[in-house]
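Structure, as structure tokens:
Read the figures in this text as sums done on the coordinates, not as results from a lab. Owing to the predicted nature of the structure, the values given are computational and were not obtained by experimental measurement. Every residue, glycine as well, gets a Cβ built from its backbone with ideal geometry; the counts of neighbours run over all protein chains shown.
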């Protein structure tokens, strides 16, 4: 079974690459936001071995 999607441009790369790029960018943005918000809230504790304690709940 083959599914054809309309291409935005003629020289567009493989559609799977675009999906993969969007996923990677979303993950990078998510980790960046998490690392920026962690020091602001002051609730997460990072240890010397690299592990992080994240309190859950009130």
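Multiplying the residue separation of residue 53 and residue 29 by 0.36 nm and removing their Cα-Cα distance gives an extension gain of 6.5 nm. A crude spin-label estimate for the pair residue 22 and residue 37, with each label 7 Å from Cα along the Cβ direction, gives 2.2 nm.
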